[in-house]
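Chemist: Got a structure for you, questions after.
The values are calculated or read from the model by the stated rules, or taken from the named source; none is laboratory data. All values derive from a computational prediction rather than experimental measurement. Note: ideal-geometry Cβ built from the backbone for every residue, glycine included; neighbour counts use all protein chains shown.
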Amino acid sequence: MKIKNGLFVKIGIILVIAGLYIFIEPVQITVKRLVFMFSMVDVPTMKNYILSFGIWAPVVSFFLMVFQSVAAPLPAFLITFANAALFGWVKGAILSWTSAMAGAALCYWIARFYGRSLAERLVSRFALDEVDIFFQKHGKYAIFIARLLPFVSFDVVSYGAGLTSIGFWEFFLATGLGQLPATLIYSYVGDMLVGSVKTLVSGLLIIFALSALLFAVKKSMREKNRLPGPQQAGGENSAN
C-alpha cells in the first residue's frame, strides 16, 4: 500500500506541473521567455528583468536560480552577475549562494525521489554517466572537488549525487563549501562589470578551457608515471 501511495504521489506531482505548463498560458509564456532570456547570455537583459519586479526582485532572483538549476544546463552565472550589479557584491553573493544551495537541494531530491529515468531526461544520460565516473574516481570528496572545478556542471552533479548513497547533509555541506569561492569571485567580477559582456564571458570560457586542459595534462602525466617502464617490465620478467 505504501509503495502504491508513493507512486501515486510521484505521478500526481508530475501531472500537476505538466498541467500548469500545458493549460495555463501565462505559465507557458513565462517559462519560454525565461529559457530564451538565458539563451541570450546577456547580463543587462537579466538584470533589467529582475529589476522590473521592484521590491520583489530578490525573491524573483532566488526562484530564477532554482529554475535554472532544475532546467539544466542554463547558465547560472548570468544571475550571479545580475545579483552583484543590482545588490552589490556582498549581498549579491549571499543571495546567489543561498539560492544556488536551494537549487542544488531540489535537484538532489528530484533524483532521489524519481530515480535515474527522470534525471536522464533533465540532464541527459551521457552527462550522468560522466558524473558517475567522476564519483567513482574521487569517492567521498567528489562533491567538494566538483564544486571547485568550473568545467564540471553544477546541476548535473546535484542530480548525480541524488542517485548515489551520499547522504543529503554530506552533499549539502560539500556543496556549500565548494561553491563558495566561485560565488564570491563571480559576484566580485559582476559588481565591477563594465563594457562588453560577451568579451567577459569569452575570457571566462578561455580561463575555464585552460583550467580543464591543465587538469587533463596533470591527470595524463600522473597516469603515465604509474605505468611501468620498459626496463622495469623487463626486470620483473627476468626475475620471474
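Chemist: Within the set of pairs 6+ apart or on separate chains, which have a first residue in the range 182-196 that is part of a helix (DSSP H, G or I), a second that is surrounded by fewer than 17 Cβ atoms within 10 Å (Cβ to Cβ) and at pLDDT 65 or above, and C-beta atoms under 7 Å apart?
Modeler: That search, which allows pairs on different chains as well, returns D191/G88.
Chemist: Considering each residue of the range 50-65, count those that are over 11 Å from L86 (Cα atoms) and buried (at least 19 other Cβ atoms within 10 Å of the Cβ), and give that number.
Modeler: 3
Chemist: Among (1) of a type in the set (A, V, I, L, M); (2) at pLDDT 90 or above; (3) not in a helix (DSSP H, G or I), which single condition is L74 missing?
Modeler: Condition (2) is where L74 drops out.
Chemist: Filtering the range 143-169 down to residues that are over 14 Å from the mean Cα position of the chain (by Cα) and surrounded by 13 or more Cβ atoms within 10 Å (Cβ to Cβ), which residue is nearest to G92 (Cα to Cα)?
Modeler: Filtering the range 143-169 for residues that are over 14 Å from the mean Cα position of the chain (by Cα) and surrounded by 13 or more Cβ atoms within 10 Å (Cβ to Cβ), the one nearest to G92 (Cα to Cα) comes out as F168.
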